[in-house]
Structure formats: structure tokens, C-alpha cells
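Student: Structure in C-alpha cells, see below.
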Amino acid sequence: MALAKITTHAADAVARLLEQFRTGTTMPALVRAFANQAQAAEDALWGVLVLRRLSNATGAQLDVLGRVLGQPREGRADANYVLWLRARMLLNLGSGRPEDLLAIFSAVVQGSTGLQLEEQFPASIVLRIGSASTVDPAQAAAILQLAKAGGVKAVLESATSIDTTSFAMDPNGAGFDDGTGTVGGTFAEAY
């Protein structure tokens, strides 16, 4: 059941009066006076409810949510801080499973980059963040250490710069890709 804000307390209260009381002026005015107080209380409570939602909060409200969640602002702008708060909520609820880690880092990087999680025997994982990431690798590594399961070694691999001229393996297995979409590419040139 979704909550819905009621904005017609006064009119509803008068409409619920018996007919002989509804037609006069004194009783409807008295009922409206009390119903207007109920409306003011609902408006105030609704404002608290709406402003405390992470998607609607700004400034000081975000700072309060950050204290509740255990995620300090650390100088982040509101838009960036909301991402970290979402990640912290998932971190607080997670149990270190691979899908938990991917959900946390998807919230942090907002799908703007490739994420790859590789489990390695006996108890370690490697999380790779693609080169288009805007997240600070040191902060991401700290989140990874908190998010992983106990007794598991976790390593974060992140590109240090965005280099469009570098080569990579073609995802279809056709060899090197030179970054321009041409399959084949060259490993190096000698001069």
C-alpha cells in the first residue's frame, strides 16, 4: 500500500457531518478549524517524509542521512554524495556475495563503465573497473574492503587514465583491437 497525501481534510470532515449540522454556519466552521489543524500536521509530516527520501534530499538532509548510514560527506557535492549513500545502503545490507559487490559498485559508477568481478581460488576476488570511471580508486578500494566477505582477499583493478589509443583484446576473440574498432591492431611499433 503506497502512502498518499490527503489535502482535503477540512472538506472531508464537513462532508461527514450529519445533514442538519452541515447546512448551518457554526458547526461547519468549528469542524473546519479542527480539520485545518489536522491538515497542517499532515503537511508538515509529509514534508519530513518526502525530504528524508534519498532521491529528494539535498544539503543538510543528505548530511543527516549520511550520519545515519555511516557515510561521511568528505567534501562531495550533493549529486556525487547521493551515489555514495546508495552504495552505503547496499553495503550495510550486503553480505559480501559477488552480486552484492556488483550492485554496490554499479551504484557508485552508475553504469558508466564496465565492471568485472573475477573469483579466484581459494578465497580471493578481483574487481575490475573500466577506464571511463570517475570514481576515486582509493575510495573504491576502501569500499571494496568493507563490502567483501570476511577471510576473502579483495583486489581492485582500475585504469589510471583514459587512453583511447591503447589496444585491447577484441571481445569476440578475434585478436587485438587498436581502439578504432579495427580488428587486428598492432602490439607495438619499432622505429
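FYI, it's all coordinate maths here, none of it is from the lab. Keep in mind that this is a model prediction, so the values were computed, not measured. Neighbour counts run over all protein chains shown; Cβ positions are idealised from the backbone, glycine included.
Student: Taking R0 as 45 Å, what's the FRET efficiency between residue 12 and residue 63 from their Cβ-Cβ distance, rounded to 0.05?
Tutor: It comes to 0.75.
Student: Can you sort 95, 158 from fewest to most other Cβ atoms within 10 Å of each residue's own Cβ?
Tutor: 95, 158
Student: Continuing with this model, one more query. Between residue 157 and residue 74, what is the label-to-label distance in nm when each label sits 7 Å out along the Cα-to-Cβ direction?
Tutor: 2.3 nm
Student: Using the number of other C-beta atoms within 10 angstrom as an exposure proxy, rank 108, 31, 48 with the fewest first.
Tutor: So the ranking, lowest neighbour count to highest, is 48, 31, 108.
Student: How much net charge surrounds residue 60 when only the other residues with a Cβ under 15 Å from the Cβ of residue 60 are counted, with Lys and Arg +1 and Asp and Glu -1?
Tutor: Local net charge: +3.
Student: Would you mind ranking 86, 76 by Cβ crowding within 10 Å, fewest neighbours first?
Tutor: 76, 86
Student: Label points 7 Å out from Cα along the Cβ direction at residue 56 and residue 44: separation in nm?
Tutor: Those two pseudo-labels are separated by 1.7 nm.
Student: What is the set of long-range amide H partners of residue 157 at a cut-off below 5 Å, with H atoms built 1.01 Å from backbone N?
Tutor: Under 5 Å from the amide H of residue 157: 127, 128, 129.
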